[in-house]
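Visitor: Questions regarding the structure given below will be posed in turn.
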Amino acid sequence: MPDEKVVRGGQVRELHLKDKRMGAADIKGLAEALEDNDTLIVLDIEGNDCGTTGAYALAEVLKKNDTLTT
(Lines give C-alpha, C1' and ligand atoms only; values in the text may rest on other atoms or scores of the structure.)
Protein backbone atom coordinates (compact mmCIF):
# COMPACT_ATOMS: atom_id res chain seq x y z
CA MET A 1 0.00 0.00 0.00
CA PRO A 2 1.24 3.54 -0.63
CA ASP A 3 2.46 5.66 2.23
CA GLU A 4 -0.58 6.65 4.29
CA LYS A 5 0.81 10.16 4.89
CA VAL A 6 0.99 10.75 1.13
CA VAL A 7 -2.61 9.62 0.64
CA ARG A 8 -3.97 11.50 3.65
CA GLY A 9 -1.93 14.61 2.95
CA GLY A 10 -3.32 15.11 -0.51
CA GLN A 11 0.05 15.00 -2.24
CA VAL A 12 -1.20 12.95 -5.20
CA ARG A 13 -3.98 13.42 -7.74
CA GLU A 14 -3.75 9.95 -9.30
CA LEU A 15 -3.05 6.62 -7.61
CA HIS A 16 -2.56 3.59 -9.87
CA LEU A 17 -2.49 0.33 -7.92
CA LYS A 18 -3.58 -2.11 -10.61
CA ASP A 19 -2.63 -5.74 -9.97
CA LYS A 20 -0.64 -5.00 -6.80
CA ARG A 21 -1.95 -8.08 -4.96
CA MET A 22 -3.76 -5.98 -2.41
CA GLY A 23 -6.20 -7.82 -0.18
CA ALA A 24 -9.23 -6.72 1.81
CA ALA A 25 -7.14 -5.36 4.70
CA ASP A 26 -5.00 -3.31 2.31
CA ILE A 27 -8.04 -1.86 0.54
CA LYS A 28 -9.70 -1.09 3.87
CA GLY A 29 -6.55 0.74 5.01
CA LEU A 30 -6.48 2.66 1.75
CA ALA A 31 -10.13 3.61 2.22
CA GLU A 32 -9.41 4.87 5.73
CA ALA A 33 -6.56 7.00 4.40
CA LEU A 34 -8.85 8.41 1.70
CA GLU A 35 -11.31 9.73 4.30
CA ASP A 36 -9.19 12.85 4.71
CA ASN A 37 -8.12 13.22 1.07
CA ASP A 38 -9.66 15.95 -1.05
CA THR A 39 -7.20 16.01 -3.97
CA LEU A 40 -7.19 12.48 -5.39
CA ILE A 41 -9.26 12.31 -8.56
CA VAL A 42 -8.16 8.92 -10.00
CA LEU A 43 -7.91 5.64 -8.09
CA ASP A 44 -7.15 2.44 -10.02
CA ILE A 45 -7.35 -0.74 -7.94
CA GLU A 46 -8.29 -3.12 -10.75
CA GLY A 47 -7.05 -6.68 -10.35
CA ASN A 48 -6.85 -6.59 -6.56
CA ASP A 49 -8.90 -8.78 -4.20
CA CYS A 50 -10.76 -6.23 -2.11
CA GLY A 51 -13.33 -8.71 -0.80
CA THR A 52 -16.54 -7.68 0.88
CA THR A 53 -14.79 -5.81 3.69
CA GLY A 54 -12.64 -3.71 1.37
CA ALA A 55 -15.52 -3.02 -1.00
CA TYR A 56 -17.74 -1.86 1.86
CA ALA A 57 -15.00 0.40 3.24
CA LEU A 58 -14.48 1.98 -0.19
CA ALA A 59 -18.22 2.43 -0.67
CA GLU A 60 -18.49 4.29 2.64
CA VAL A 61 -15.63 6.62 1.71
CA LEU A 62 -17.08 7.30 -1.73
CA LYS A 63 -20.31 8.48 -0.13
CA LYS A 64 -18.32 11.33 1.47
CA ASN A 65 -15.60 11.95 -1.14
CA ASP A 66 -16.68 14.26 -3.95
CA THR A 67 -13.30 14.74 -5.63
CA LEU A 68 -12.60 11.15 -6.64
CA THR A 69 -14.02 10.77 -10.14
CA THR A 70 -12.40 7.66 -11.63
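The values are calculated or read from the model by the stated rules, or taken from the named source; none is laboratory data. Owing to the predicted nature of the structure, the values given are computational and were not obtained by experimental measurement. The accessibility values were calculated without ligands, DNA or RNA, using every heavy atom of the protein model including side chains. Shrake-Rupley method; radii C 1.70, N 1.55, O 1.52, S 1.80 Å.
Visitor: When you look at ILE45, is it more than 9 Å from the chain's Cα centre (by Cα) and modelled with pLDDT of 90 or more, yes or no?
Guide: Spelling it out, it is not the case that ILE45 is more than 9 Å from the chain's Cα centre (by Cα) and modelled with pLDDT of 90 or more.
Visitor: Here's another thing I want to ask about it. Return the residues of the stretch 16-70 that are part of a helix (DSSP H, G or I), of a type in the set (Val, Ile, Thr) and open to solvent by less than 100 Å² (accessible area, probe 1.4 Å); say none if nothing qualifies.
Guide: Residues satisfying the conditions are ILE27, THR53, VAL61.
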